[in-house]
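Notes follow once the structure below has been shown.
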Amino acid sequence: MGTHLYLGVIILAVFATTVANAEIKVVCAKDSIKITWKINAELVPYAARLFLGTCMASGFNVLPSGEGEAEFNYGFADCKFKRQMKGKNLFYRNELTYRPQPRSKPAAYVYPIECVYKRPAGWVPPFLNPGAGVSEGRGSLVFHMALLNDQLTHISKTNVFTLGSFMPIWAAVEQKSHQPLLLLMEECVATTTPELLSGSQVYPIISNYGCLLDSKRGNSKFLPRYQSSALTLLLQAFQLRFGNEVYIHCKLIAWDPEVLDDGKKACHYKKESESWELLDDSSKSSVCSCCDSTCKPRTKRGLEWKTNGFSHHSVLGPLIIVDPSDSKANNVSVPAAYSQVHGLCSETGGLVKLTLNRTKALNLFSTGGPV
């Protein structure tokens, strides 16, 4: 905990001394906005902490000078823009923020954004329009899972880890037109094969509908979220007795952020308090009390799941775990790339698996997958 606080102070201090040099350009289009935010080289590793409302940068480039340039290209229906009518004008307002800490903490920097338009003829506020209502997301979702480097700033360049070290596993879901979704890891197991076969020997990592078992018997944990649609698992490297190569199989769930219960949660064990804690709201950690027994999803939630829930199975590997005391460990070579899989999951449960190469994963993480 002390290390994370210390790191946060450093990041805040760096930003405070460089923000004065930031260049922000705003272009208001008919139904959208384009923002270019130029940042100093010191902040480039933390580009995933830049937000427009609830949206991350839609693109990011490192300039020849070493500086960074974040681009935000979004419609006013995205990112939680606030629309307000005042006199003959329509205002769309939002904020650019830098958030080195989870959203429960205040932003380190806030820059107001505003676009002003002449009010269209015949336009009325939504609350006066009898046809207005609550919108619901529809369409397909794309899930991703990848390894991060030690600094949590890039996709990892290696799949070789020392026994006992930590492997940052990042998972995310592209929300597209959907309302905000919460990404959960309902179940994760380790095995020696890229496919789960009947009779396969597995090592449970997460089970019981979101209980991180490896946080109680080891030091694994979930890292604080920076947005609901992504999750980072800091998994302590282990060796399997029945093989050298390790594959991590996870069932990812996209869920309603407002609905957490025994069957939909992300819980890890806090050794300091000797109790289970809910990642997204520690005040509601009572939903984790079943992690030492059997968690049973509510029937009502199960019915809703059939119409509003989304799930996907992802596999990450092979991961090579070496023991420094083993003389053979020195002969392990680092592959140029490792296997990653993402998929397209529709509301009807259709699944298409695609190979995700390193370049694609890096772009996805840099533009849409915070940790």
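The values are calculated or read from the model by the stated rules, or taken from the named source; none is laboratory data. The structure displayed is predicted, hence computed values, not measured ones. Every residue, glycine among them, receives a Cβ derived from its backbone with ideal geometry; neighbour counts consider all protein chains shown. Ligands, DNA and RNA are excluded from the accessible area calculation, which covers all protein heavy atoms including side chains. Shrake-Rupley method; radii C 1.70, N 1.55, O 1.52, S 1.80 Å.
Structure above, values below:
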quantity	calculated
Charge sum, other residues only, whose C-beta stays under 14 Å from Phe51's C-beta, Lys/Arg counted +1 and Asp/Glu -1	+3
Trp170, Trp276, ranked by accessible area, largest first (probe 1.4 Å)	Trp276, Trp170
Cα-based convex hull volume of the range 160-250 per residue, rounded to whole Å³	125
Alpha-carbon centroids, the range 228-267 and the range 35-71: separation in whole Å	29
Subset of Lys80/Lys221; Lys34/Lys82; Lys221/Lys264; Lys216/Lys265 violating a 21 Å alpha-carbon distance limit	Lys80/Lys221
Probe 1.4 Å - accessible area at Val259, Å² to nearest ten	30
Ser165-Glu23 FRET efficiency (beta carbon distance; Förster radius 51 Å; 0.05 resolution)	0.85
Potential extension, Met85-Asp261 segment - 0.36 nm per residue separation minus Cα distance	59.4 nm
Neighbour net charge for Ser215 - beta-carbon separation under 11 angstrom, K R +1, D E -1	+3
